[in-house]
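Read the structure below first, then the notes.
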Amino acid sequence: MNGPTDPETSMAAALDAVAGSLLGIWESAREGTASRVSGAQLRAVMVVEQSDGINLRRLATQLDMLLSSASRLCDRLVAAGMLEREPGRFDRREIALHLTPEARRLLAELRADRQEQLGAVLAGMSPEGRDALLRGMREFDEVGRRQQAHATPALGEPTGQEGWPDDPDRPGGRSLPTDPGRQTRGAWARSSGDQERSVGPTRDWPADGPPVARTA
């Protein structure tokens, strides 16, 4: 009944089936930070690390969040000692965001935990398998980054968030409708190297409660 499947579709299905172990390691390492920051807060910290001095509007665009939601998220991170705010260099009316030493320690711990778990799996692989995996993942990452850059709207372009009645950052709020293809591109394009990324949809905060870090 089904027609022939092209090689890319077959490979995508096979990759989807075997990626569970890799994603499980990512999630296990992230859970180690859950007592200090929520998933949404960790994602924001990662973005600021990549773009030191980013302003609030650009951060909201990167997180695919409403500006008001991103502002409250930053308030919590500042209160938790993870972010610092200062006037922008070129426009004093803008606020530039920077990581604190505590946030950098958190990310270092996350990477160390993740790399330890990855190393344990790699130790059981053949040298040929490890080399092939690394080559394939590097090429996959390069293509994914190019596709993501092509699909990301320029600053100031509509993002589809305007007028949405529910705020995803408040307790009980709903996430915005998403394109699964866009989520997949973003997840894989943000999964390698020192540029820390999330491995799930960009809005990974819990829908039934506020982010973990709170004002003391």
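Looking only at segment 41-61, which residues are closer than 13 Å to H98 by Cα and open to solvent by 60 Å² or more (accessible area, probe 1.4 Å)?
First, pick out the residues of segment 41-61 that are closer than 13 Å to H98 by Cα: 44-56, 59.
Result: Q50, D52.
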Are there any pairs, at least 6 apart or on different chains, whose C-beta atoms fall under 8 Å, with the first in segment 62-85 and more than 28 Å from A151 (Cβ to Cβ) and open to solvent by less than 40 Å² (accessible area, probe 1.4 Å) and the second in a helix (DSSP H, G or I) and of a type in the set (A, V, I, L, M, F, W, C), and if so, which?
-> G81/A103; M82/V45; M82/A103; M82/L106
Does any residue of segment 12-35 turn out to be assigned to a loop (DSSP other than H, G, I, E, B), under 16 Å from the mean Cα position of the chain (by Cα), under 30 Å from M137 (Cα atoms) and modelled with pLDDT of 90 or more?
-> no
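The values are calculated or read from the model by the stated rules, or taken from the named source; none is laboratory data. Note that the structure is a prediction, hence the values are computed from the model and not measured. When we count neighbours, we look across all protein chains shown, and the Cβ atoms used for this are built from the backbone with ideal geometry, even at glycine. Quick note on the areas: whole protein, heavy atoms, side chains included, nothing else; ligands and nucleic acids left out. Shrake-Rupley method; radii C 1.70, N 1.55, O 1.52, S 1.80 Å.
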